[in-house]
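Some notes on the structure that comes next.
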Amino acid sequence: MSREFRQVGVVGLGIHGAGVAEVFARAGLAVVGVEVDERSLEHGRGLVENSTERAVAGGKLTAGERTALLDRISYTTDLTGVSECDIVIEAVTEHLELKAKVFGELDRITRPQTILATNTSSLSVTEISVHTGRPERVIGTHFFNPAPVLKLVEVVRTVVTEPAVITDVVGLIEQVGNTALVIGDRAGFLSNSLLFSYLNHAVLMYEQRYATREDLDAAMRYGCGYPMGPLALLDLIGLDIASEILDTMYKQSRDRLHAPAPLLKQMITAGQLGRKSGKGFYTYE
Ligand code: CAA
């Protein structure tokens, strides 16, 4: 018999985590959102409020549905708030040591049957899973940014993930209206492996002054029908996150397409992280 999911925990309410919390709450599930301190918690709550406000403005939600969605999410800075959840999705910063620590703690405070999922974009789900006493119930659920709009979730299985856990998680993803692709544990998984080679190539072309940022972005929008050009997309993702993803993929693949463009590193050092810092390839108000 497949398991029932009533309550979902989301640990880390940055742009990804907040989007994931919104997806589950929109589908009628109770969500517990966790952050490290009050300031980050309020920031996460603000992200959900703004995103759902846009959904109402765009006719995707009614004002009443938005209120009900917001009421389904409870916020806490205490990790034990997720102890009764049926699945907990971790969406903290992309550092293996931090994720390992979070998983160790989640393993202690949740019921043994609870599924522990990571939203990692590029780290090894297997390496994360061995920091728990239940690696067979650890899985990857990789959402895309913005999660409330983009439907794909890469469901990442390891060599020890229980088949029933994979089936149940795919069922949950479909239940909330998303599309699941089950894939193996490899750096960058499927989409990021393809996407970030392309994004990195765009930065190299810009760095070599082969084209202006506007021309590079226009080429892919109007020539290939992409919703955003590569440099605008990097600003949306965050240059620091993009660089971490490329670093991890390069370490595993040694494919030069994954070696982060020097300009990316320089911009990060200068604090130009994209939309979230107000400046990346473009400037934001
Ligand atoms: N819930 C539901 N729908 C929402 C919503 C919400 N919270 N917020 C916005 N929407 C809807 C809007 O109503 C709108 O719908 P219509 O097109 O039917 O009118 C649609 O989403 C687009 O919203 P906007 O009009 O506000 O914005 P836009 O048209 O400029 O699109 C975009 C913005 C969705 C970001 C689009 O440009 C896009 O898809 N860009 C590509 C993003 C991408 O490639 N992301 C992947 C990054 S890689 C990644 O995430 C992986 C990783 O590991 C880092």
Inset, instruction - Pick out, from the stretch 4-93, the helices (runs of 4 or more DSSP H) lying fully within it that include 1 or more residues that are closer than 19 Å to residue 120 by Cβ and within 14 Å of the ligand (Cβ to nearest atom). - result: 15-26
Inset, instruction - Name every residue in the stretch 130-155 that is outside any loop (DSSP other than H, G, I, E, B), over 23 Å from residue 28 (Cβ atoms), more than 10 Å from the ligand (Cβ to nearest atom) and not basic (Lys, Arg), in order of residue number. - result: 135, 136, 138, 140
Legend entry - Pairs where the first residue, in the stretch 35-47, is over 12 Å from residue 21 (Cα atoms) and the second is of a type in the set (Phe, Trp, Tyr) and at pLDDT 95 or above, C-beta under 6 Å, 6+ apart: 41/75
Inset, instruction - Spot the failing condition for residue 122; the list is (1) within 16 Å of the ligand (Cβ to nearest atom); (2) over 17 Å from the mean Cα position of the chain (by Cα), and only one is missed. - result: (2)
Inset, instruction - For residue 173, state whether it is modelled with pLDDT of 95 or more and more than 23 Å from residue 48 (Cα to Cα). - result: no
Legend entry - Failed item in (1) in contact with a helix residue (DSSP H, G or I) (Cβ under 8 Å, 6 or more places away or on another chain); (2) modelled with pLDDT under 95, with residue 194 passing the rest: (1)
Inset, instruction - Restrict the check to the stretch 199-219 and report whether at least one residue is under 30 Å from residue 115 (Cα atoms) and more than 10 Å from the ligand (Cβ to nearest atom). - result: no
Inset, instruction - Could you figure out which of (1) touching a Phe, Trp or Tyr at 6+ places or on another chain (Cβ under 8 Å); (2) farther than 27 Å from residue 124 by Cβ isn't true of residue 266? - result: (1)
Inset, instruction - Output yes when any residue across the stretch 166-178 is in contact with a Gly (Cβ under 8 Å, 6 or more places away or on another chain), within 16 Å of the ligand (Cβ to nearest atom) and either without any contact (Cβ under 8 Å) to a residue 60 or more places away in the chain or within 21 Å of residue 100 (Cα to Cα) (or both), and no when none is. - result: no
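The values are calculated or read from the model by the stated rules, or taken from the named source; none is laboratory data. Computed from a predicted model, the values in this text were never measured in an experiment. Positions of Cβ are backbone-derived with ideal geometry, glycine not excepted, and every protein chain shown enters the neighbour counts.
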